[in-house]
Amino acid sequence: MPEPTGPWPASARFGPEGLAVGGVSARELADEFGTPLLVVDEEHVRARCRSFAALFPHPLYAVKAFTSRQMIRLVAAEGLNVLVATGGELEACLRAGVRGDRIAVHGNNKSDEELELAVASGVWLVNVDNPEELERLDRAARRVGATQAVLLRVIPGIGAGAHRAIQTGGAGTKFGMPLEVVPDALRRATELPNVRPVGIHAHIGSQVLEAEPYLAAVEVVLDLLERLRAEVGFEAEIVDLGGGFGVAYTDERPLELDALAPALLARIREGAVARGLPIPHVLVEPGRSVVGAAMVTLYRVGTVKESDGRTLVAVDGGMSDNIRPMLYGARYTVAPAGPPRPGSTVRVDVVGRHCESGDVLARDVELPFPVARGDLLAVAATGAYTYSMASTYNRVGRPAVVAVRGGRPRLWLRREDAVDLERLESSPPPAARSQPPPGVVVRPAVARDAASYLHAYASVAAERRYIQTEQVRHSPRELRRRFRRSWTGEGAHLVAVEEGRVVGGLSIRRDAHESTRHVATLGMFVTRDRRGRGIGSALMDEALRWARSVGVERVELTVYPHNVAAMALYRKFGFVEEGRLVRHAKKSYGYEDEILMAAWLGEPGTGSDAGEVVG
Ligand code: LLP
């Protein structure tokens with residue numbers, strides 16, 4: 001299996017259409033899924049998994065590098081086991097369908113709950129960080145009624161990696177126990193009834209580009225094993241060397257696993273034989289080197305400006321979707337993703353959209369001149385520790401993740417939207433208050449409104465673009481009957497009346513089912529010549545007043561994507577987009593999508609500030 005040498009995914013091609021990955025053009029992906037967008041070359045991930053499975057006897061994918069359900073499933077299907085660092089990662093793997101006995105758990109500060117979850121899930125290994133944790137794990141295992149196989153995490157005294165923050169195996173690290181305490185910890189582990197020590201774990205750091213630190217760590221571990229046998233009579237079945245295998249981001253040479261793997265395995269085998277030790281199974285835990293180069297991020301250019309002699313190109317993401325340049329001074333390769341433009345180039349800094357001067361993704365990037373708003377840029381090797389470290393800084397939602405393979409895109413993670421960003425708020429948004437414009441009255445409909453209502457409704461239906469109905473089929477009689485009961489516990493029919501003429505209407509109705517009685521759905525219209533004057537707002541205000549008065553907690557509606565004025569109105573009242581009903585409407589002119597929007601009014605009587613306008 002040839003190893004990747006550059007930072008781009010194996011299937012990336014720069015052709016006349018611009019960048020394509022997995023046979024799908026960057027432009028198509030950006031148009032369909034929006035930007036910033038993380039694109040996964042699925043075949044590349046699979047090939048990396050197979051390389052590891054061929055080179056090492058027991059590779060585990062460190063899911064912290066990039067976690068999504070499809071990623072976990074794919075990696076597991078390719079034969080890798082998984083390494084998790086927290087209860088959250090453990091649950092993600094279990095939910096992805098990975099059996100407990102294929103999961104190893106590490107972490108320097110595991111809670112009792114996490115330990116118990118691990119044991120109860122039947123995990124293969126727990127990498128114990130320190131002697132105190134060993135005691136707690138034993139108790140957790142006793143509560144579960146199981147015996148847990150454990151590795152002891154040791155500090156080999158060798159730290160390596162691209163940045164101080166990701167060197168983990170050296171003195172002073174917060175991970176693992178110093179070599180001198182290991183014999184006592186192991187002795188204790190053999191005494192405790194519900195843990196079974198099976199080996200040693202040593203991880204030296206991340207983005208390691210040389211073989212030497214690994215080989216040096218192996219010597220330290222072998223010497224330790226010799227000592228443990230002499231002092232404690234312990235013989236290790238497993239040696240876990242962690243992950244950390246470096247990849248190319250720009251011009252660095254990635255660590256050559258084809259050479260490293262046999263060297264490491266031979267060193268352990270020969271070292272064990274030389275010391276008269278049984279030959280242990282060797283585990284490795286790659287994260288970055290499985291997924292790092294398999295992904296690219298697509299951004300769209302917004303503002304371009306000159307500042308102090310430099311050209312600054314601002315893209316629609318930044319430190320919220322890739323914190324690594326800011327945190328570690330990480331360097332990335334950036335390339336234009338649109339069709340090639342021959343001619344001169346310009347040297348630019350690619351900056352993000354966040355409110356910090358440090359939000360710089362890459363400096364001194366050469367791009368075709370001129371760089372313009374709307375251009376697509378691709379950043380290479382963004383698979384590892386970008387999405388998994390993403391934040392919602394400035395209330396920018398995390399990007400979507402799309403996998404590509406054989407010319408087909410598949411959405412792995414949808415973009416985090418306004419609703420997602422709202423979901424932790426415990427109080428509903430304050431309600432807008434709206435008075436109808438002078439001369440307009442908003443009130444429950446009465447029977448004698450029927451004819452005028454039908455006239456107004458039919459005029460909006462005839463426009464065909466704003467409401468579902470294109471042809472009104474109600475009879476005035478039927479409407480009169482409805483309007484006789486226009487404000488009940490089940491629903492309301494409201495009208496906006498100007499000079500005796502109906503100019504707008506709204507119907508709202510609560511769900512019949514017991515479990516959705518707290519939900520109501522509404523539809524509304526305003527006649528063409530009366531739009532933009534606040535009539536819609538006045539109708540909505542009254543509808544929400546009805547909803548609150550009958551204990552409705554949630555109001556739903558759908559709107560056509562082109563109806564931006566209506567969406568703005570709905571947002572003002574706290575409606576947020578919850579989804580897109582694709583081709584939900586079959587109109588005379590073709591299919592239309594509908595955007596589902598909903599407003600949460602709050603549970604009645606919870607004492608929250610529901611409905612209060614603040615400030
Ligand atoms: N095993 C252990 C015990 C680890 O702590 C780690 C990563 C790995 C395996 C996987 O290492 P990898 O093969 O991915 O280098 N956020 C940093 C990297 C932190 C690595 C933490 N531990 C970055 O963006 O560079």
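Computed from the coordinates by the stated procedures, all read-outs in this text should not be read as laboratory data. Model, not experiment: these values are computed from the prediction. So basically every Cβ, Gly included, is an ideal-geometry build from the backbone, and we count neighbours across all protein chains shown.
Eigenvalues of the alpha-carbon gyration tensor of the chain, scaled by 5 and square-rooted, set the equivalent ellipsoid semi-axes at 58, 31, 20 angstrom, largest first. The label point for residue 210 and the one for residue 583, both projected 7 Å from the Cα toward the Cβ, are 5.9 nm apart. Hydrodynamic radius of region 1-106 by the Kirkwood approach over all distinct alpha-carbon pairs: 15.2 Å.
When exposed loop sites are taken as GluC sites (Glu not before Pro) in a DSSP loop with at most 11 other Cβ atoms within 10 Å, the longest stretch of the chain clear of them is 1-424.
Centroid-to-centroid, using Cα positions, region 121-172 and region 511-566 are 55 Å apart.
First select every other residue whose beta carbon is under 11 angstrom from the beta carbon of residue 364; then total the charges, Lys and Arg +1, Asp and Glu -1. Can you show the working numbers first?
Values: positive: 310, 331, 347, 363; negative: 349, 366.
Residues near residue 364 contribute +2 overall.
Each label was represented as a point 7 Å from its Cα along the Cα-to-Cβ direction; for residue 564 and residue 517 these points are 4.2 nm apart. Placing +1 on the Cβ of every Lys and Arg and -1 on the Cβ of every Asp and Glu, with no other charges, gives the chain a dipole of roughly 2900 debye about its Cα centre.
When the Karplus curve 6.51 cos²θ - 1.76 cosθ + 1.60 is applied with θ = phi - 60°, which whole-Hz ³J(HN,Hα) does each residue of region 103-113 get, with x for Gly and Pro? My calculation for region 103-113 gives 10, 10, 10, 10, x, 8, 8, 6, 7, 4, 5 Hz in order. By the count of neighbouring beta-carbon atoms within 10 Å, fewest first, 203, 584 end up ordered 584, 203.
Projected label points at residue 266 and residue 99, each 7 Å from Cα along the beta carbon direction, are separated by 3.5 nanometres. Look at the alpha carbon pairs under 8 Å that are at least 6 residues apart: their mean separation over the length of region 81-285 gives a relative contact order of 16 percent.
Per-residue Cβ neighbour counts within 10 Å put 567, 540 in the sequence 567, 540, beginning with the fewest. What's the center-to-center distance, using Cα atoms, between region 55-69 and region 188-250 in Å? Measuring centre to centre over Cα atoms gives 18 Å. Determine one quarter of the surface area of the Cα convex hull of region 104-197, which equals its mean projected area, and express it in nm² to one decimal. About 5.9 nm², averaged over all directions. Karplus-derived 3J(HN,Hα) values for region 499-506, using 6.51 cos²θ - 1.76 cosθ + 1.60 with θ = phi - 60°, are 6, x, 10, 6, 10, x, x, 8 Hz; glycine and proline are entered as x. By the beta-carbon count within 10 Å of each Cβ, the least crowded to most crowded order of 591, 328, fewest first, is 591, 328. For region 306-379, trypsin sites (Lys or Arg not before Pro) are listed when DSSP marks them as loop and at most 14 other Cβ atoms sit within 10 Å of their Cβ; the list is 373.
Which of rounded, prolate, oblate describes region 293-416, given a ≥ b ≥ c as roots of the alpha-carbon gyration tensor eigenvalues and a/c under 1.5 marking rounded, otherwise prolate only if a/b is larger than b/c? In terms of gyration-tensor shape, oblate. Here is the list for region 135-226: trypsin sites (Lys or Arg not before Pro) lying in DSSP coil, each with at most 16 other C-beta atoms within 10 angstrom of its C-beta, are 174.
Remark: C-alpha extents of region 81-285 on the principal axes read 50, 41, 30 Å, sorted largest to smallest.
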